[in-house]
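Asks: Here's a structure for you.
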Amino acid sequence: MTQLADGIYYTVRRSDRARRVRITVEASRGVEVVLPRRAAERDAAAAVRELRPWIERRLRDVGLQRAGPRGDTVPYLGGDLRLVPEDGRTRVVQRDHTLLTPAGEARTAALERWYRRMAKLEIEPRVERAAAQLGSSYTRISIRGQKTRWGSCTAAGALSFNWRLLLAPEAVLDYVVWHEVCHLQAMNHSPRFWSLVAAHCPDYREHAAWLRRHGGTLVL
């Protein structure tokens, strides 16, 4: 499971051989925290917070830069949108491949609000189509900035998705949608569940691996 601490996404692996908390940063796996078998989950987050400067240097060293903003552009489902700051503006507005944004420190918060709005517009029709294909129904969709996951599905059929998925390639977003919609029929990660995912998203392993490697870059 991918988790988040101080703006850094990481995965946790428990090891019977580990005697202390260890963090690795690799291009192929992203940020991984190795915990002794009996260590508390909070120990992983504490280690990430403590070593954040080192982790960010390592992310740069291995080429896993944060997704954006990158100078005058931000990523959007595999493409780039150009940022044009305007004094006095309080809300982000899109004009073709350009985003008109507030100037100065208000820009990041305004961009997040825009991404959250767009996530709802991008994700809802995808969920509708996927649920229709499966013959399933859901109760509601929420857009969040979850601390520990990219999406979720409750037993009552409530789905939630992380707005940061819009910073990823479109195929990765589609995979997460299928992953959560398939939970409407299988509330577990059983062979039946993965068979459903594979039937509708044959390359799901590739997209799941992309999230494990690059999830830490999906931060404004």
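Asks: Output the residues belonging to region 13-41 that are open to solvent by 70 Å² or more (accessible area, probe 1.4 Å) and over 22 Å from His214 (Cα atoms).
Replies: The answer is Asp16, Arg17, Arg19, Arg20, Arg37, Arg38.
Asks: Still on this structure: Taking the options Ala209, Ala199, name whichever one is aliphatic (A, V, I, L, M) and more than 28 Å from Glu56 (Cβ to Cβ).
Replies: Testing whether each residue is aliphatic (A, V, I, L, M) and more than 28 Å from Glu56 (Cβ to Cβ) leaves just Ala199.
Asks: Can you tell me which residue in region 133-157 is most open to solvent (accessible area, probe 1.4 Å), limited to those that are of a type outside the set (S, T, N, Q), outside any loop (DSSP other than H, G, I, E, B) and under 27 Å from Ala44 (Cβ atoms)?
Replies: Arg144
Yes/no matrix, rows are residues, columns are (1) touching a strand residue (DSSP E or B) at 6+ places or on another chain (Cβ under 6 Å); (2) modelled with pLDDT under 95; (3) farther than 21 Å from Gly7 by Cα; (4) assigned to a helix (DSSP H, G or I):
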residue	(1), (2), (3), (4)
Gly104	no, yes, no, no
Ala119	yes, no, no, yes
Pro125	no, no, yes, yes
Glu128	no, no, yes, yes
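Asks: Show the residue pairs meeting these rules: Cβ distance below 6 Å; 6+ apart or different chains; first residue within region 94-107 and over 14 Å from Leu220 (Cα atoms) and touching a residue at least 24 places away in the same chain (Cβ under 8 Å); second residue assigned to a strand (DSSP E or B) and open to solvent by less than 60 Å² (accessible area, probe 1.4 Å).
Replies: If the second residue must be assigned to a strand (DSSP E or B) and open to solvent by less than 60 Å² (accessible area, probe 1.4 Å), the pairs left are Leu99/Leu81; Leu99/Leu83.
Asks: Read through the list (1) touching a residue at least 24 places away in the same chain (Cβ under 8 Å); (2) open to solvent by less than 60 Å² (accessible area, probe 1.4 Å); (3) part of a loop (DSSP other than H, G, I, E, B), then give the number of the only condition that Gln185 fails.
Replies: Status for Gln185: all satisfied but (2).
Asks: Follow-up. Just name the residue that is farthest from Arg49 (Cα to Cα) out of those in region 165-220 that are among the hydroxyl-bearing types (Ser, Thr, Tyr) and out of contact with any helix residue (DSSP H, G or I) (no Cβ under 8 Å at 6 or more places or on another chain).
Replies: This residue is Ser195.
Asks: Pairs, please: C-beta under 9 Å, at least 6 apart or cross-chain, first residue under 17 Å from Arg212 (Cβ atoms) and at pLDDT 75 or above and in region 53-69, second surrounded by fewer than 16 Cβ atoms within 10 Å (Cβ to Cβ) and hydroxyl-bearing (Ser, Thr, Tyr)?
Replies: Correct list of pairs: Arg58/Thr24.
Asks: Follow-up question, since we're still on this one. Could you list, in sequence order, all residues of region 188-220 that are free of Cβ contacts under 8 Å to residues at least 24 places away in the same chain and of a type in the set (Gly, Ala, Ser)?
Replies: Ser190, Ser195, Ala198, Ala199, Ala209 - these are the residues of region 188-220 that are free of Cβ contacts under 8 Å to residues at least 24 places away in the same chain and of a type in the set (Gly, Ala, Ser).
Asks: On the basis of being within 14 Å of Gln133 (Cβ to Cβ), open to solvent by less than 20 Å² (accessible area, probe 1.4 Å) and modelled with pLDDT of 95 or more, does Val176 make the cut?
Replies: The answer is no for Val176.
Asks: What are the residues in region 158-170 that are part of a helix (DSSP H, G or I) and surrounded by fewer than 16 Cβ atoms within 10 Å (Cβ to Cβ), if any?
Replies: Answer for region 158-170, where residues must be part of a helix (DSSP H, G or I) and surrounded by fewer than 16 Cβ atoms within 10 Å (Cβ to Cβ): just Glu170.
The values are calculated or read from the model by the stated rules, or taken from the named source; none is laboratory data. In this text the structure is predicted, and so the values were computed from the model without any measurement. Cβ sites come from the backbone with ideal geometry, for glycine too, and all protein chains shown count toward neighbours. To get the accessible areas, we keep the full protein, side chains included, count just its heavy atoms, and leave off ligands, DNA and RNA. Shrake-Rupley method; radii C 1.70, N 1.55, O 1.52, S 1.80 Å.
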